Every structure is written in C-alpha cells, then in structure tokens.
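One structure is given here, and the rest of the page talks about it.
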Amino acid sequence: MTLPRRLLPGDEPAPLFDSRASRAIEQAALAAASPHALIEAAGLAVARLALALAPQAEHIWVAAGPGNNGGDGLVAARWLHRLGKRVHVTWLGDPQRLPADAAHARTEALTAGLVLHAPSTRPADSAPPPQLVIDALFGLGQTRAPEGAFADTIAALNRCRERGATLLSVDLPTGLCTDTGRRLGKACVQADATLALLTAKPGLFTADGRDAAGSVWLSDLGVSPDEGVPPSARLAGRPDARAALAPRLEAEHASHKGRFGDIWIVGGARGMVGAAQLAARAGLRAGAGRVYLSLLADEAPSALTSDGLELMRRSWADARAMGLAEHATVVCGCGGGDAVRLVLPELLSRARRLVLDADALNAIAADPTLATLLEARGRRGPPTILTPHPLEAARLLDTTSVALQADRCAAARRLADRFGAVVLLKGSGSVIAAPGTTPIINPTGSSRLATAGTGDVLAGWIGGSWSGHAGLDLATASRAAVGSAWLHGRAAEVPGGRSGGLPLPAGGLIDAMAGAAALLT
C-alpha cells in the first residue's frame, strides 16, 4: 500500500468519484480482496497520516460511528494504542447492526484492550484536552443532517480543534455531502485534514468542502479504480504553460504581435470604466498581441489611468467598422451596466470567440430574446465561455443562489448544455463544464480574491490566453478557462496558509498571475 498523497495545493490532477461511483469501486475492491483486508488497510492509512500530522500527540480521541467509517477509526485506534498512545474511543454504534467489516474492527479493538466509551463520555473538555482527534463518524454517502448524539459529538470535536488539537476526518468530514460539498445541516466537522479512502470525492473540493475538509489527502489502499467506472468530475492540476498563456514559448524569434491574437474588451459603462480596463490589462499580460478597448461610457479618455497606455481605445462604432468581432476574441460585460444590452445582439451573432461576464450575463438572464440568441449561437458552433458567479448563474437558470450552490457541478452542466458553451462557475472550488464532458473542479484560490475587480481580471485573462490559440472548438476554450482559473487562484494563495491573508486588489492580482505564470515555464 502506498503512503497517502496530498491532493492540495492542487499541482496534480486527479479523478473524482461521487458516492455512487465510489460504491461501485469499493464493491469491486471488496470482491477482489481477502476478508477484512480493505478495512485493515484503511485504518492503517488513517493511523499513519494521524502520526504524520501530529507526531507529538500522546492523548488521542477517536470518535467512531456505526458503520464502516467507524470501523476504519477503530482499526486506526488499535494501531495507535499498539504504539503506546493514550487513546480514548467514543463509539456510537449498535453491535447488533454492524456491517461485517465494522464488526471485525470492533472485535479486534476490544481484543487489543481498547475501551469503547458511550457517546456521553467525550474528552473534549478534559484537562489537558487531546492533542489529536479523529472524526470517523460518517463517511461515504451522507445524505442527512447529523442529529442528537452525533451532532453533540461533532460539536465536541470542533471544540477540541478550537483548543488546539489537530482534527483529522476519515474519508469525509461528518456532516458534508459527498457529491456536492454542501453542509447537510448546522452540525459539520471543521477538519484540519481529511484522508479520502480509495477515491477522492467531489464534495471535498467545492462549495463548503474546502472549509470543512482542510488539507485533503488520498490513500488508494493499493486499489486501482475500475476502468469501467468513469469519474464524476476531475480535479484540475498545474496547467501546461501553453494552456495558461498565449503560445509564446514556441514562437520563432522573428515573431510579431499579430501572431498572438487580438482581444476586444467591450464594457465599462459610466462609473465602471475600471472594470473594463482591468480586463484589458489582464488580457495583455496573459499574452494577447493587441488589446482593443471599447468603453460603453461617455467619459473622456482621461478616465483611463496611465497604466493603460498599451491599450488601444476604440469607440464601439470604430471597432465595428474594423471587423473586430470577426477576428478578435471578444470579452464583453465587465462593468457593462445596462448599456451592454444594446451591443449584445451583434456580438452574439457575429463574434468569432466570445467571453461573457458580469453584466452581459445579467442582461441575458433578464431578456429572453438575448437568451435565445445565445442558445442559437451554441447550436451554430462559434465557441463561447461564460464566467458567472453563483448569483449570475442562478439568474440564468431562474433559481436561487442557495439552490444553485447545493449542487454546483450539476448547475454548471445545466448551463453548459443549455447554451452550448464552456461555463466557469466561480466560487470556492470553481467548476468548469462543457457540453458532454466531465466537469473540472479548480482546487486553487483563497479568500484574498473576495474583492472588487478580481472577476474582471479572470475574464480578461481568459480572453488573452485564448487569443493566441488557433482552435475554434470548445475543447480549446475549456483549456483556456481551466488554466486561467488555476492561475487566478494560485496567484492569491498565501504560502503555507489554508486561505486568508490581506485582500489582493485586482490590479495587484494581474501582476501576481503573471508571476505565477512565469513559474510554469
């Protein structure tokens, strides 16, 4: 059995399997293994990671639930007890209703001399408290909010963490949905680390999953996933430089700006000129040869700051006369306000490649005629990338942001299928979906991105990175979206931190993304 490998900070891609696919892989593995081999391997993996995370811990609390997840915890407790650790086990199970593997784990734990304490006996408030606590209450297939003794135990586990203990969850934090990453109720474990067993699950990487799971590790228990079970989603990894930048790495010395494509930024209504300029600057840094900027406001040219001198400003009428829609990559909507409604019909009908963000998406959601034009565009074939945040996506789907966040992958797929477009649903664990393909979850990012203008930067960077590629297919568009999202998040990460840090202003984000991109080369 290989040692657990860390899936975050997200340098390596990984397949993700939802509860149904994971069950199928688990059943195949159980059929091929000797009795109880899988639960023994799982418990040993948990014990190994626990010791690696908290090597100095002498007092350990294991909270074990009524199924095989609890059995994994009991096997881990047995190993830790064997190594001389002081292990307190709280067991919330019924010996008459145990699965075979969990019954085996319970018997072996008792034989080893462990005491299985009742749920009312928890060391959370003891002095001194445990230095390491293990959440093995529920794992795969959680569908209901924990209640009663389970909710009380979750609260006690979280209190231990608040008092300085390291909290490790087995397979999934208890209280988190396997497939969607949403909290099932008020009670949810907030782990420092989660060890996914056999398969990595989508819910660990999107919605509430990142905050609940902490650092995510995977032990495949020596089992290769059955090739007949396709992944439900994929975790994005470190992109090839050409996916995140226009392809300058392979360019000949005798190159010119026209080789790397043009982008046309359309947006910046009155009071929001900065949004369009941020997108334009990002597109330039991402590798576009030329960046044209058409403001929808009537501000004088002085509205542009001095750091936009490289941008070529054109009026909407002049840009149309140049035929920019037919040859440039168009990024529309950044700070577009209500004025964007007037330009969308032509762009939806004529743009060769189109990135739609912010107010462009709001206008389409509010106007059935524009939505019909976008659907028709998807059927015709010119590629489009949509970059909604959850509220914008909810408007497009005529639902609420709460309902949308309850299943982010499904929402992104619905949008992609409806509009025949690549969809980048922003948020914690951004989801990139395209028609007929497996969704991709981006693992990078932090709360430093929660500041005005960072979405405009992402839209512009996507346009710039896409502009230098010849392909007019959705696969090329998807690679540009995935690579840009990965860089966008990586640029905001604090080394050694889970999240946090001071906000990263959008202007500084552009420079940070360029620095992160340079490291890819």
For this session: At 1.4 Å probe size, with every protein chain present, just tell me what the per residue accessible area of the chain comes to in Å².
Result: 39 Å²
Exercise. Can you give the accessible area of LEU137, probe radius 1.4 Å, in Å² rounded to 10?
Worked result: 0 Å²
Problem set entry | Calculated FRET value between ARG379 and ALA100, using beta carbons and R₀ = 51 Å, to 0.05 | 0.45
Seminar exercise, completed: Rounded to the nearest 5, the percent of DSSP beta bridges in the chain running antiparallel is 20 percent
Problem set entry | Which labelled figure in [x] 64, 63, 45; [y] 83, 46, 42; [z] 73, 64, 50 is Cα extents along the principal axes in Å, once derived from the coordinates | [y]
Seminar exercise, completed: Between the residues VAL75, PRO368, LEU356, the Cα farthest towards the positive end of the dipole of the chain, that dipole coming from +1 and -1 charges on the beta-carbon of Lys, Arg, Asp and Glu, is from LEU356
Seminar exercise, completed: Non-local residues with an amide H under 5 Å from the amide H of SER428, with H modelled 1.01 Å from N and Pro and chain starts lacking one, are ALA207
For this session: Decide, for region 183-295, between rounded, prolate and oblate: order the square roots of the alpha carbon gyration tensor eigenvalues as a ≥ b ≥ c, take rounded if a/c falls under 1.5, and otherwise choose prolate if a/b is larger than b/c, else oblate.
Result: oblate
Exercise. Roughly how big is region 132-203's charge dipole about its Cα centre, with Cβ charges of +1 (Lys, Arg) and -1 (Asp, Glu), in debye to the nearest 20?
Worked result: 160 debye
Problem set entry | Whether region 1-114 is rounded, prolate or oblate, judged on the alpha carbon gyration tensor where a/c under 1.5 counts as rounded | oblate
Exercise. Using 19 Å as the cut-off for backbone N distance, which residues of region 256-290 belong to the label zone defined by a point 7 Å from the Cα of ALA452 along Cα→Cβ?
Worked result: 267-282
For this session: Using a 1.4 Å probe over the heavy atoms of the protein chains, calculate the carbon and sulfur portion of the accessible area of region 66-214 as a whole percent.
Result: 48 percent
Exercise. Can you work out the FRET efficiency for the pair THR107 and ASP511, with r the C-beta to C-beta distance and R0 = 41 Å, to the nearest 0.05?
Worked result: 0.10
Exercise. Each residue of region 59-71 in order: what ³J(HN,Hα) in whole Hz does its phi give by Karplus 6.51 cos²θ - 1.76 cosθ + 1.60, θ = phi - 60°, with x for Gly and Pro?
Worked result: 9, 10, 10, 10, 9, 10, x, x, x, 6, 4, x, x
For this session: Leaving ligands, DNA and RNA out of it, rank ARG281, ARG159, ARG414 by accessible area with a 1.4 Å probe, largest first.
Result: ARG414, ARG159, ARG281
Exercise. Working out 0.36 nm times the residue gap between ASP318 and ALA410, then minus their Cα-Cα distance, what length gain in nm do you get to one decimal?
Worked result: 29.0 nm
Exercise. What is the extension gain from ASP367 to GLU310, computed as 0.36 nm multiplied by their sequence separation minus the C-alpha to C-alpha distance, in nm to one decimal?
Worked result: 17.0 nm
For this session: Report, to the nearest whole %, how much of the accessible area of region 1-54 belongs to carbon and sulfur atoms, 1.4 Å probe, protein only.
Result: 56 percent
Exercise. In whole Hz, what ³J(HN,Hα) sequence does region 409-416 give by Karplus (6.51, -1.76, 1.60; θ = phi - 60°), x for Gly and Pro?
Worked result: 5, 5, 5, 4, 5, 4, 5, 4
Exercise. Going by alpha carbons, how many degrees (0 to 90, nearest 10) lie between the helix axis of 454-467 and the longest principal axis of the chain?
Worked result: 70 degrees
Seminar exercise, completed: On the accessible surface of region 440-490, probed at 1.4 Å with all protein chains in place, carbon and sulfur together account for a percent value of 58 percent
Problem set entry | For the chain, with +1 on Lys and Arg beta carbons and -1 on Asp and Glu, the positive-most of ALA112, LEU53, GLN131 along the dipole | LEU53
Seminar exercise, completed: The alpha-carbon center of region 13-55 and that of region 101-150 are separated, in whole Å, by 18 Å
For this session: Using only protein heavy atoms and a 1.4 Å probe, report how much of LEU44 is accessible, in Å² to the nearest 10.
Result: 40 Å²
Seminar exercise, completed: Counting only protein heavy atoms and leaving out ligands, DNA and RNA, the solvent-accessible surface of ARG395 at a 1.4 Å probe, in Å² to the nearest 10, equals 110 Å²
Exercise. In nm, what is the difference between 0.36 nm times the number of residues separating ALA127 and ASP398 and their Cα-Cα distance?
Worked result: 92.3 nm
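The values are calculated or read from the model by the stated rules, or taken from the named source; none is laboratory data. Just so you know, these numbers come straight off a predicted model, no measurement behind them. All Cβ positions, even for glycine, are placed from backbone atoms using ideal geometry, and neighbour counts span all protein chains on display. In case anyone asks, the SASA skips ligands and DNA or RNA and just uses the protein heavy atoms, side chains included. Shrake-Rupley method; radii C 1.70, N 1.55, O 1.52, S 1.80 Å.
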